[in-house]
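What follows is a short report on a single structure.
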Ligand SMILES: [Fe+2]
């Protein structure tokens, strides 16, 4: 499988970003998640496909661009759909399912068909779960930075507190990921990108 290079992922972001502001927000976030995933990969004993992790991290949020309106405003009410929208973009671009799944399977700590029915989410009823260690790593790394205004870094305890509203099973899943991959040291990445920490 041919994976896109860093330059090609950047070109894809430029192709789909409706504005310079959207590009800065989403691409910078993806770069940060890639950096966090690289740091965690350097520590893990798991044998991971590093090129797949990088490409997956750099493209996981490409679907967010489809949620901007003509005035450059992000439709937060449909944000839950950004994963499947990204999956669709990468399908149209000819990328294989193995890469497309980084888009559709990174929301929260994974969405099940039960979650979709129970929370009445506007998504085709299916399981959207990170299955491979590469998918799990990118999904986990994504929990440590948020595209809020202004963007911010999150700690594991902050994310755990947020997750509690979705039930104890989600908190346990996040805890298992913490044990599996460890907690990232965000200090250097935070200083480099200049975003604050919640
Ligand atoms: Fe993300």
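Every number in this text was worked out from the coordinates using simple rules, so none of it is lab data. Given the structure is predicted, the values throughout are model-derived calculations rather than measurements. Counting neighbours? That spans all protein chains shown, and the Cβs are built from the backbone with ideal geometry, glycine included.
Conditions (1) within 14 Å of the ligand (Cβ to nearest atom); (2) surrounded by 14 or more Cβ atoms within 10 Å (Cβ to Cβ); (3) more than 22 Å from residue 185 (Cα to Cα), marked per residue:
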position	(1), (2), (3)
50	no, no, no
71	no, no, yes
77	no, no, yes
83	yes, yes, yes
89	no, yes, yes
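Output the number of residues of the range 52-69 satisfying the condition of being within 16 Å of the ligand (Cβ to nearest atom), in contact (Cβ under 8 Å) with a residue 40 or more places away in the chain and assigned to a helix (DSSP H, G or I).
12
Select from the range 91-100 the residues that are within 13 Å of residue 62 (Cβ to Cβ) and either touching a residue at least 60 places away in the same chain (Cβ under 8 Å) or surrounded by 20 or more Cβ atoms within 10 Å (Cβ to Cβ) (or both) and list them in ascending order.
Hits for the range 91-100 are 93, 95, 99, 100.
Taking only the range 1-30 into account, find how many residues are in a helix (DSSP H, G or I) and free of Cβ contacts under 8 Å to residues at least 60 places away in the same chain.
16
Determine whether residue 40 is over 17 Å from residue 82 (Cβ atoms), more than 16 Å from the ligand (Cβ to nearest atom) and in contact (Cβ under 8 Å) with a residue 60 or more places away in the chain.
No.
From (1) touching a helix residue (DSSP H, G or I) at 6+ places or on another chain (Cβ under 8 Å); (2) away from the ligand (no atom under 13 Å from the Cβ), pick out the condition that doesn't hold for residue 120.
Residue 120 satisfies every listed condition except (1).
Of 130, 156, 126, which residue is over 23 Å from residue 194 (Cβ atoms) and away from the ligand (no atom under 14 Å from the Cβ)?
The match here is 126.
Quick check on my filter: what residues within the range 159-177 are touching a residue at least 24 places away in the same chain (Cβ under 8 Å) and away from the ligand (no atom under 16 Å from the Cβ)?
Those that are touching a residue at least 24 places away in the same chain (Cβ under 8 Å) and away from the ligand (no atom under 16 Å from the Cβ): 166, 170, 173.
What number of residues within the range 178-198 are under 17 Å from the mean Cα position of the chain (by Cα) and free of Cβ contacts under 8 Å to residues at least 40 places away in the same chain?
Final tally of qualifying residues: 2.
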